[in-house]
1. What are the residues whose amide H is under 5 Å from the amide H of His146, where those residues sit 5 or more places off or on another chain and H is modelled from the backbone?
2. Taking 0.36 nm per residue of separation and subtracting the Cα-Cα distance, what length does fully extending Thr104 through Ser48 add?
3. Diagonalise the Cα gyration tensor of the chain and give the resulting equivalent ellipsoid semi-axes, square root of 5 times each eigenvalue, largest first, whole Å.
4. Give the distance, in whole Å, between the Cα centre of the stretch 70-123 and the Cα centre of the stretch 14-31.
5. Given the options Leu61, Leu79, Leu95, which has the most mean-square fluctuation in a GNM of the chain, springs set between C-alpha atoms less than 10 angstrom apart?
6. Fully extended, how many nm does the chain gain between Lys10 and Asp39 (0.36 nm per residue separation, minus their Cα-Cα distance)?
7. Could you pull out every residue, at least 5 positions away or on a different chain, whose amide H is within less than 5 Å of the one on Val125? Hs are placed 1.01 Å off N in the peptide plane, and Pro or chain starts have none.
8. How tilted is helix 72-82 with respect to the longest principal axis of the chain? Cα atoms for both, answer in degrees (0 to 90, nearest 10).
Amino acid sequence: MADNIERLFKYIRKEDVVLFIGSGFSIKAGAPRVSQIIDDIIQEGGTSFANSLEKRTLQDLSEAYVNYCGSRNDLMGLLKKLFSFSPSDLSDQQLLRKITHFKTIFTTNYDNLIESAYEPAELTVVHSNVDTAYANATPVTLYKIHGDITTLNDPDSIVI
């Protein structure tokens, strides 16, 4: 086990590691958990919507909500509301910034907590294919593979 950890550190020091960050990374700062997003979608849909559900995964629920409400914009409005929070603890994001060996970060998170830990000159954020032209323009490139709260006005830019 110790050999594996040392080998991992070796690759990190050589900058041969790409970091992938999931939703759990933002929970300490106050971002909603997947279960909270699911609960809020069900509550927003109402009793008849909740009773009509067969599956309660985020993907299935989101699709059902769009079909029930008739618009993906309604779902985006709900997500925007859920991700409009004041972060309570950014210590993990700030620690990440101190690990200068990570040059490429991928995340599924909709929030902007990682971005808030970096100076603008240190980080390029890629939301779409258009943004890839600017990748590697700064020391760190962050790929927001599911979109983020700044792209919620374009419902087609969010992956659920």
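1. Result for His146 returns nothing.
2. Gain in length upon complete extension: 15.7 nm.
3. Three semi-axes, in Å: 33, 18, 14.
4. 10
5. The residue that fluctuates most here is Leu95.
6. Stretched out fully, the Lys10 to Asp39 stretch lengthens by 6.2 nm.
7. Close amide H contacts, sequence-distant or interchain: Leu142.
8. With rounding to tens, the tilt is 60 degrees.
No value in this document is a laboratory result; all are computed from the given coordinates. Values in this document were obtained by computation on a predicted structure and should not be read as measured data. Ideal geometry is used to build each Cβ from the backbone, glycine not excepted, and the neighbour counts take in all protein chains shown.
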